[in-house]
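Participant: Handing you a structure now.
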Amino acid sequence: MKFAVIVFPGSNCDKDLYFAVKDSIHAEVEMIDYRETSLDGFDAVLIPGGFSYGDYLRSGAIAAHAPIIKTIKKMAILGKPILGICNGFQILTEIGLLPGALMRNRQNKFICETVDLRVENSQTIFTSEYDYDEIINIPVAHGEGNYYCDIATLKQINDNNQIVFRYASDINGSVDNIAGIINKEGNVLGMMPHPERALEEIIGSDDGLKMFQSILKSHMNRVNL
Amino acid sequence: MTEPTAEMIQETKLYRSWGLSDQEFQTIANDILDRLPNYTETGLFSVMWSEHCSYKNSKNVLRKFSNKSERVLAGPGEDAGIIDIGDNQAIVFKAESHNHPSAVEPYQGAATGVGGIIRDIFSMGATPIALLNSLKFGDLDDAHTKYLAEEIVSGIGGYGNCIGIPTVGGEIAFQARYKKNPIVNAMCVGLIDHDDVKYGKATGKDNLIVYVGAKTGRDGIHGATFASDEFTDSNNTQRSAVQVGDPFMEKLLMDACIELVHEHSDWIMGIQDMGAAGLVSSTAEMASKAGSGLILELDNVPQRETEMTPYEIMLSESQERMVLCIKPKYRQEIIDFFTDKMLDAVVIGKVTMDGKYKIYQQGKVVCDIPISGLVDDAPEYKHVGIKPDRITDSKEQFKPEIESLEDTWLKILGQPTISSKEYFYKTYDSQIKANTVVKPGSDASVVRVRDTKKAIAMTNDGNSRMVYVDPFIGGQMAVVEAASNLVASGAIPIGITDCLNYGNPEKPEIFWEFEKSVSGMAMASRRLNIPVVSGNVSLYNEFNEIAIYPSPMIGMTGLIEDIDNVVTQGFKDSGDLIYLIGETRNEFNGSEIQQLQMHDVKGSLNKINMDQVESRFNLILKIITNKLINSCHDLSEGGLSVALSEAAFENKLGFQCEVNMPTEYLFSETPARFVVSVSKDNQKEFEDLIGNNGAKIGFVTDDNRMNIKTIDTEATIELDEAISIWKGAISCLMKKN
């Protein structure tokens with residue numbers, strides 16, 4: 001399986017994701033420049049955290065106009081797994097692959113800590129290795145992670161089982177404690193917490209491992225069909 | 001505006017307002033130039049000869065430090081010191097103060113302090129792996145102090161979080177003397193392979209000088225001079241001397257420079273960041289190190305504003321700029337390389353062999369002075385110190401009064417300097433890069449070196465109360481305390497960087513504090529074989545003539561050879577035995593409890609037995625490498641009562657202890673002591689090893705209580721109550737109107 005890690009100017013979790021794929025599931029992975037227009041040969045797309053374009057204007061707003069975006073949208077239509085973490089989640093909402101928006105944390109401060117997340121949907125290609133309702137320990141690090149969507153959208157994503165992770169307790173003011181959502185088709189996941197920082201006990205938690213294992217396993221199942 | 005002529009400068013003594021003395025001006029005119037300097041030249045001399053750039057008041061004292069050990073690859077004089085960690089790898093680290101800018105424009109002042117120290121690291125070719133900071137504020141009882149604390153912390157986070165380097169640790173203390181003059185020291189640690197080290201040199205005739213990064217604006221002009229002056233009520237709003245930071249730009253610049261050094265090392269001769277005194281300091285120092293000369297064409301310098309004068313261009317401290325010295329044949333390659341990274345790179349000059357610093361604007365020579373005059377001939381002042389009246393030789397110790405141990409214990413845990421700093425450090429991304437093994441809030445922070453078994457431990461320390469009551473021993477204590485932090489995590493201390501924050505050195509009492517405390521630090525670091533490889537001096541930290549406490553900050557790094565040996569401070573298992581290593585003495589001068597009960601600190605400190613300290617460090621490292629202990633915490637402010645509490649808080653485990661000492665000794669601050677916990681299985685082997693260097697004082701419990709018995713009383717505190725006081729103290733003060 002071959003992963004693309006998209007690198008925008010200002011991305012800063014790109015290398016962490018690269019190592020995550022390489023070291024945890026030993027899959028192929030390449031860093032892809034935001035000016036590229038082809039992702040031929042790649043099976044999955046990872047959009048890393050960071051401050052693309054310095055978060056100027058609005059987080060993710062300028063990255064949404066980079067050349068690679070069109071290609072990412074095509075990959076989404078093709079049903080390839082696309083995972084946006086932190087700034088990656090913000091970009092996915094900016095380009096309309098996921099509903100809602102990420103606003104400034106209600107406390108108006110950046111927050112970095114390892115938090116409890118509840119797995120709300122373990123039937124996705126990103127979470128199949130987790131148990132439903134499992135509590136996992138994953139770090140967050142964001143200033144704009146306060147997820148918002150209107151009531152109609154909230155009902156819709158609830159009804160469609162699109163809420164994949166919730167914070168076990170309110171950390172930033174997100175609607176319904178939402179930490180991660182998936183698109184209706186089930187191949188685009190955006191989340192604020194950083195599973196790539198939770199792959200080894202020595203750095204505090206390895207609860208993120210199952211996410212990368214899920215993606216790999218789902219891929220293998222598809223290939224072997 | 002037309003600039004004053006050389007004669008007018010001499011006549012009106014304009015140079016005085018830029019920090020040059022009459023004597024210094026005469027030296028420049030008579031001995032160095034043999035003519036009067038023009039406006040631009042006067043400006044260049046005034047910044048290059050400021051304390052901030054020339055260390056003219058402190059050089060003589062700084063020579064006391066030893067910068068040698070078998071591990072040192074480069075010491076002071078470079079952007080940062082370099083220390084070998086084996087396997088062809090090294091760490092590069094330095095700390096820098098940004099006190100003055102942070103006092104007037106706290107967010108940007110602190111942010112650009114972080115940006116500046118990061119540039120010092122990647123300009124050597126190293127990849128930054130961690131940031132730390134040491135902050136000292138006034139008491140959290142007035143709105144302005146809270147504003148400074150809030151903004152400074154968010155400036156530090158704003159820069160570090162965006163550029164993507166974890167802020168893993170540091171220290172924060174509070175004391176009234178820092179009210180209008182906060183201390184903001186930032187440290188950066190980088191990792192490098194030996195062969196990748198680059199130095200800031202402009203060598204080789206006709207090699208080109210290339211400017212990379214942000215455009216030059218009018219911000220930060222005379223920042224270095226400003227940093228070498230005191231604050232008063234009427235002189236505290238020099239906001240124009242503060243720079244504005246752009247971490248996004250620096251991220252581009254950092255990644256590009258590191259890639260350039262790794263992939264195209266042969267293109268470049270030298271690389272240097274533009275920090276204090278901007279273009280003049282960086283280029284002149286590059287030429288000075290190489291013994292060369294330079295020609296600069298100011299018309300080529302990218303400018304953000306129109307009609308900038310040579311003076312403004314040369315002195316601007318606009319951020320996120322670098323200078324390279326390159327081989328001419330790679331000119332186009334280098335420009336293309338940076339253009340691809342969205343960065344401007346422009347040739348602004350070339351290397352000559354005549355030792356001259358020649359600057360042109362619109363075809364006219366605007367500066368023609370010898371490099372050596374600018375860099376090497378800065379005056380050096382030997383001040384004479386006078387012992388301040390408060391310093392006493394009396395051996396008398398403060399006697400704490402403890403009516404209720406419970407009350408005093410809880411009160412100490414709620415003191416801002418003791419209590420949890422989570423309110424602040426939670427806003428720093430401490431985990432990015434996924435290498436942080438021990439996070440903020442511990443004795444030392446630990447970052448692993450990916451693809452090896454190694455880890456680097458680091459800490460920032462400096463208890464200025466101790467330095468205030470007794471500069472020499474307080475200075476020794478700062479080194480011992482930092483080393484204790486590293487040793488407690490299982491690391492061998494390998495190097496020091498410092499920030500020396502003091503008042504006006506022209507005052508004999510201040511100079512005495514400076515000299516004595518540096519002597520103390522130098523003595524301790526030599527004795528423990530921990531070289532001082534880089535550092536920074538910040539003087540003139542005064543407001544309305546009242547100086548801050550003498551506040552040296554020790555930034556220390558340590559090496560952990562095997563990451564499996566990392567030890568943390570929290571108790572791990574109920575039933576584990578608790579030992580106190582090191583003797584507790586009647587020592588309360590300069591302590592937290594003295595501050596709490598007297599609202600002041602005074603008295604002298606007892607001599608430190610450095611032989612004993614050294615052997616104790618070796619003992620702790622041995623019991624750690626023999627895997628005999630489950631936790632280790634060093635004792636510092638607040639003494640045993642606080643150390644036991646903090647060990648209990650981490651994993652919410654209680655303890656039951658009995659000590660053979662008077663109650664007040666629970667708050668003694670005798671240095672180089674440790675609390676360790678040991679599983680019963682290891683008891684015998686552990687006790688054989690420590691001999692009479694420590695004593696069993698109790699065991700870890702899981703009943704949510706902290707219980708302690710002394711020879712004259714007994715106290716029990718609910719763990720939850722203690723945690724809520726300790727954790728909530730700062731956020732409570734910050735939110736109170």
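Participant: Charges only on Cβ, +1 for Lys and Arg, -1 for Asp and Glu: so what's the dipole of segment B:69-375 about the Cα centre, in debye to the nearest 20?
Facilitator: 580
Participant: In what sequence do B:Thr557, B:Thr339, A:Thr127 fall when counting other Cβ within 10 Å, fewest first?
Facilitator: Working: B:Thr557 29, B:Thr339 11, A:Thr127 25.
Least to most surrounded, the residues fall as B:Thr339, A:Thr127, B:Thr557.
Participant: Ordered by residue, what ³J(HN,Hα) values in Hz, to whole numbers, does segment A:20-27 give under the Karplus form 6.51 cos²θ - 1.76 cosθ + 1.60, where θ = phi - 60° and Gly and Pro are x?
Facilitator: Coupling constants for segment A:20-27: 4, 5, 5, 7, 8, 10, 6, 8 Hz.
Participant: If you don't mind, there's one more thing I want to ask. Looking at segment B:325-389, which trypsin sites (Lys or Arg not before Pro) are in a loop (DSSP not H, G, I, E or B) and have at most 13 other Cβ atoms within 10 Å? Write down the numbers at each step before the final one.
Facilitator: Values: sites: B:Lys329, B:Arg331, B:Lys341, B:Lys350, B:Lys356, B:Lys358, B:Lys364, B:Lys382; in loops: B:Lys341, B:Lys382.
Counting only loop positions with at most 13 other Cβ atoms within 10 Å, the trypsin sites (Lys or Arg not before Pro) in segment B:325-389 are B:Lys382.
Participant: Between B:Gly75, B:Gly125, B:Thr167, whose Cα lies farthest towards the positive end of the dipole of segment B:69-375 when Lys and Arg beta carbons carry +1 and Asp and Glu beta carbons carry -1, centred on the Cα centre?
Facilitator: B:Gly75
Participant: For segment B:563-575, just list the computed ³J(HN,Hα) in residue order, Karplus coefficients 6.51, -1.76 and 1.60, θ = phi - 60°, integers in Hz, with x standing in for Gly and Pro.
Facilitator: Listing the rounded values in order: 4, 5, 8, 4, 10, 10, 7, x, 4, 10, 9, 4, x Hz.
Participant: Taking the alpha-carbon distance from A:Lys73 and a cut-off under 24 Å, which lysines remain once sequence neighbours fewer than 8 residues away in the same chain are dropped?
Facilitator: A:Lys2, A:Lys15, A:Lys184, A:Lys217
Participant: Okay, next question. Could you list the trypsin sites (Lys or Arg not before Pro) in segment A:170-225 that lie in coil according to DSSP, counting only those with at most 13 other Cβ atoms within 10 Å of their Cβ?
Facilitator: Passing sites in segment A:170-225 are A:Lys184.
Participant: Under the rule that an exposed site lies in a DSSP loop and has at most 15 other Cβ atoms within 10 Å, name the longest stretch of chain A with no GluC sites (Glu not before Pro) of that kind, not counting the sites themselves. Don't skip to the end; give the middle numbers.
Facilitator: Details: sites that count: A:Glu36, A:Glu134, A:Glu185.
For GluC sites (Glu not before Pro) (loop position, at most 15 other Cβ atoms within 10 Å), the longest site-free span of chain A is A:37-133.
Participant: Here's something else I'd like to know. Would you work out which of B:Leu374, B:Gly155, B:Gly217 lies farthest towards the positive end of the dipole of segment B:69-375? Charges go on Cβ: Lys and Arg +1, Asp and Glu -1.
Facilitator: It is B:Leu374, whose Cα lies furthest towards the positive end.
Participant: Given points 7 Å out from each Cα along the Cα-Cβ axis, report the B:Thr203 to A:Ile135 separation in nanometres with one decimal.
Facilitator: 6.1
Participant: Out of every Cα pair in segment B:307-368, what percent are spaced more than 15 Å from each other?
Facilitator: In whole percent, the long-distance tail amounts to 64.
Participant: How would the protein assembly as shown be classified by its alpha-carbon gyration tensor: rounded, prolate or oblate, with rounded meaning a/c under 1.5 and the a/b versus b/c comparison settling the rest?
Facilitator: Working: a/c = 1.79, a/b = 1.06, b/c = 1.69.
It is oblate, given that a/c is not under 1.5 and a/b is not larger than b/c.
Participant: Under a point-charge model restricted to the Cβ atoms of Lys and Arg (+1) and Asp and Glu (-1), what is the dipole moment magnitude of the protein assembly as shown relative to its Cα centre, in debye to the nearest 20?
Facilitator: Using Cβ point charges on Lys, Arg, Asp and Glu, the protein assembly as shown gives about 960 debye.
Participant: With the cut-off at 1.5 for a/c, could you classify segment B:69-375 from its C-alpha gyration tensor as rounded, prolate or oblate?
Facilitator: Details: a/c = 1.87, a/b = 1.32, b/c = 1.42.
Oblate, since a/c reaches 1.5 and b/c is not below a/b.
Participant: Tally Lys and Arg at +1 and Asp and Glu at -1 over the other residues with C-beta under 12 Å from the C-beta of B:Val438: what net charge comes out?
Facilitator: Charge balance near B:Val438 sits at 0.
Participant: Mean 1/r over all different Cα pairs, inverted: what Kirkwood radius does segment B:122-212 give, in Å?
Facilitator: Its Kirkwood hydrodynamic radius stands at 15.8 Å.
Participant: For segment A:2-224, what class follows from the C-alpha gyration tensor (a ≥ b ≥ c being the square roots of its eigenvalues): rounded when a/c is under 1.5, otherwise prolate if a/b is larger than b/c, else oblate?
Facilitator: rounded
Participant: Let me ask something else. All other residues with a Cβ under 13 Å from the Cβ of A:Ser218 taken together, and with Lys, Arg as +1 and Asp, Glu as -1, what is their net charge?
Facilitator: Result for the neighbourhood of A:Ser218: +2.
Participant: Right, next: What ranking do B:Thr701, B:Thr203, A:Thr37 get, fewest neighbouring Cβ atoms within 10 angstrom at the top?
Facilitator: By the 10 Å Cβ count, ascending: A:Thr37, B:Thr203, B:Thr701.
Participant: Further, regarding this structure: Can you return the lysines within cross-link range of B:Lys387? Criterion is Cα-Cα under 27 Å, with same-chain partners fewer than 8 residues away left out.
Facilitator: B:Lys56, B:Lys59, B:Lys64, B:Lys136, B:Lys179, B:Lys180, B:Lys395, B:Lys399, B:Lys507, B:Lys516, B:Lys602, B:Lys607
Participant: Another question, if that's okay. Scan segment B:262-322 for trypsin sites (Lys or Arg not before Pro) in coil per DSSP, keeping those whose Cβ has at most 16 other Cβ atoms within 10 Å, and list them by number.
Facilitator: Sparse-neighbourhood loop trypsin sites (Lys or Arg not before Pro): B:Arg304.
Participant: How much net charge surrounds B:Val659 when only the other residues with a Cβ under 15 Å from the Cβ of B:Val659 are counted, with Lys and Arg +1 and Asp and Glu -1?
Facilitator: Values: positive: B:Arg585, B:Arg673, B:Lys696, B:Lys709; negative: B:Glu583, B:Glu658, B:Glu664, B:Asp712, B:Glu714.
Charge balance in the 15 Å sphere: -1.
Participant: On to the next question. Taking the DSSP beta bridges in segment B:69-375 as the whole, what percent of them are antiparallel, to the nearest 5? Before the final figure, lay out each step's value.
Facilitator: Details: 51 of 64 bridges.
Bridges in segment B:69-375 are about 80 percent antiparallel.
Participant: What aspartates and glutamates does B:Lys13 reach when the alpha-carbon gap must be under 19 Å and sequence neighbours fewer than 8 apart in one chain are set aside?
Facilitator: Answer for B:Lys13, where 19 Å is the Cα cut-off: B:Glu3, B:Asp22, B:Glu24, B:Asp31, B:Asp34, B:Glu41, B:Asp229, listed by chain and number.
Participant: While we're on this one: Under 5 Å between amide hydrogens, which residues at least 5 positions from A:Glu28 or on another chain qualify, with H placed 1.01 Å from N in the peptide plane?
Facilitator: The list, which skips near neighbours in sequence, is A:Phe3.
Participant: Can you compute 3J(HN,Hα) from phi for each residue in segment B:615-622, using the Karplus curve 6.51 cos²θ - 1.76 cosθ + 1.60 with θ = phi - 60°, rounded to whole Hz and x for Gly and Pro?
Facilitator: Rounded to whole hertz, the list is 5, 5, 4, 4, 5, 4, 4, 5.
Participant: Still on this structure, I have one more. For the residues B:Tyr468, B:Tyr311, what sequence is obtained by ranking on other C-beta atoms within 10 Å, fewest first?
Facilitator: B:Tyr311, B:Tyr468
Participant: Just to check, using Stokes-Einstein with a Kirkwood Rh over alpha carbon pairs, what's the diffusion coefficient of chain B at 25 °C and 0.890 mPa s in µm²/s?
Facilitator: Details: Rh = 26.4 Å.
The calculation lands on 93 µm²/s.
Readers should treat all values here as calculations from the given coordinates under stated rules, not as data from a laboratory. Predicted, not measured: the structure shown is a model, and the values here were computed from it. All Cβ positions, even for glycine, are placed from backbone atoms using ideal geometry, and neighbour counts span all protein chains on display.
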